[in-house]
2 protein chains.
Amino acid sequence: MEKLKQKILKDGQVIENRILKVDNFLNHKIDIQLFNDIGKEFKKRFQNKEVTKILTAEVSGIAIAAITAQYFDNVPVVFAKKHDASNLNSNTYESEVYSFTKNKTYKLRVDKNYISCEDKVLIIDDFLASGSAASALIDILYKSKAEIVGMGIVIEKNFQGGRKLVEEKGVKLESLAIIDSFEDGVVKFVK
Amino acid sequence: MEKLKQKILKDGQVIENRILKVDNFLNHKIDIQLFNDIGKEFKKRFQNKEVTKILTAEVSGIAIAAITAQYFDNVPVVFAKKHDASNLNSNTYESEVYSFTKNKTYKLRVDKNYISCEDKVLIIDDFLASGSAASALIDILYKSKAEIVGMGIVIEKNFQGGRKLVEEKGVKLESLAIIDSFEDGVVKFVK
């Protein structure tokens with residue numbers, strides 16, 4: 001998605017040739033117009049698929065999933081929760097995630113009432129790197145016995161192995177910008 | 001907002017005559033169509049106001065703010081972060097919140113680059129109860145010297161004192177459903 005790549009080149013910040021910071025349009029300040037273009041693009045990539053629900057993970061996936069859902073007939077969005085919430089039903093599907101950025105393990109949990117075996121679910125998230133969060137979302141859907149329509153990712157870092165993990169599970173993966181490497185602080189996309 | 005009140009009566013769950021659980025349409029599973037109606041209603045309530053940015057707090061405010069921004073000419077949304085993030089700029093406005101639900105204190109932080117003194121900011125959030133989170137968001141805007149256009153809340157629990165706190169700071173408050181009490185597990189709205 002050319003517009004997204006241009007935005008990353010213009011406003012993204014590469015830190016220590018390893019981390020891409022996109023706080024100024026994706027995960028702290030949010031560019032709503034760009035998010036609408038992202039939603040339309042996801043619809044294009046999954047246009048012949050029936051989708052009954054969108055699943056994402058808190059925090060950064062939520063706004064993208066909510067805007068995207070509008071292009072899929074306003075299907076409900078379910079976001080997996082990262083933390084134990086005191087008023088969350090204990091009746092949940094859960095799966096573990098290891099975060100490289102924070103060097104710690106946490107759980108993603110979804111209330112069993114909100115995904116059923118009859119659902120056809122599109123997973124949406126902001127980043128795909130090592131694939132740990134992506135695997136956890138897929139795992140939650142396995143447990144729910146819902147059909148996995150596919151996974152739509154805004155930014156994929158292709159050198160961190162996530163794609164292999166997702167595709168090995170038989171999930172169709174569509175990433176809107178795929179980063180091949182960082183060279184002297186500049187983002188290089190896969191051609 | 002009648003449609004929202006009906007939704008709360010139909011799908012909200014009152015726990016121990018004290019907590020209103022709206023996980024099934026507001027803060028775990030999200031009803032995108034309802035969120036669009038909420039966004040339109042906020043626009044109506046603040047229709048003569050110039051808004052350059054919407055501020056909310058993670059997690060539950062994000063989707064509401066993102067959908068609402070579409071009715072305010074797609075202004076950017078900034079969400080205050082709850083946790084220290086390793087790649088968040090240390091150059092932040094911050095303020096403390098005490099959560100009664102979790103009985104603990106946490107910080108809300110906003111990168112100084114994302115709110116300027118020239119901004120006219122509408123605060124949007126899902127709940128107003130004691131007003132601790134609302135006060136922190138107002139405090140962050142004081143520090144940024146931005147103009148506060150007002151505060152739009154989806155569900156206000158009017159018996160917990162938040163409104164007084166917000167109005168004492170001179171902030172125009174618009175809540176779409178105002179709960180007066182819980183009586184035998186049934187939500188009673190303010191007339």
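Could you work out the mean count of beta carbons from other protein chains within 10 Å of each residue's beta carbon in A:142-152?
On the way: counts 0, 0, 0, 0, 0, 0, 0, 0, 0, 0, 0.
Per-residue shielding by partner chains comes out at 0.
Computed from Cα positions, the angle between helix A:2-11 and the longest principal axis of chain A comes to roughly 70 degrees. Mean per-residue shielding of peptide B:31-41 is 3, counting Cβ atoms of other chains within 10 Å of each Cβ.
Packing-based ranking of B:127-138, B:37-48 yields B:127-138, B:37-48, ordered from highest to lowest mean Cβ neighbour count within 10 Å.
Relative to the longest principal axis of the Cα atoms of chain B, the long axis of helix B:132-144 lies at roughly 20 degrees. Restricting attention to the range B:1-112, close to 75% of DSSP beta bridges with both partner residues there are antiparallel.
With an 8 Å cut-off on Cα pairs and a minimum separation of 6 or more residues, tell me the relative contact order of the range A:2-189 in percent.
For the range A:2-189, the relative contact order is 20 percent.
Only protein heavy atoms count here, probed at 1.4 Å, and on that basis chains A and B bury about 3400 Å² of accessible area in total.
With the cut-off at 19 Å, tell me which of the pairs A:82/A:112; A:112/A:145; A:102/A:172 have Cα atoms farther apart than that.
As for pairs spanning more than 19 Å Cα to Cα, those are A:102/A:172.
For the peptide B:62-69, the mean number of other protein chain Cβ atoms found within 10 angstrom of a residue's Cβ is 6.
Beta bridges assigned by DSSP with both partners in the range A:99-191 are antiparallel in approximately 25 percent of cases.
Summary of the geometry: the range B:102-151 and the range B:29-48, compared by the centres of their Cα atoms, lie 20 Å apart. Beta bridges from DSSP with both residues in the range A:52-124: antiparallel share about 55 percent, rounded to the nearest 5.
Among the listed pairs A:21/B:104; A:29/B:188; B:21/B:191; A:143/B:43; A:21/B:44, give every one whose C-alpha distance is greater than 32 Å. Pairs exceeding the cut-off: A:29/B:188; A:143/B:43; A:21/B:44.
The values are calculated or read from the model by the stated rules, or taken from the named source; none is laboratory data. It should be emphasised that the depicted structure is a prediction, and the values quoted were computed from it without experimental measurement. Using ideal geometry, Cβ is built from the backbone for each residue, glycine included, and neighbour counts are taken over all protein chains shown. What goes into the accessible areas is simple: the full protein's heavy atoms, side chains included, and nothing from ligands, DNA or RNA. Shrake-Rupley method; radii C 1.70, N 1.55, O 1.52, S 1.80 Å.
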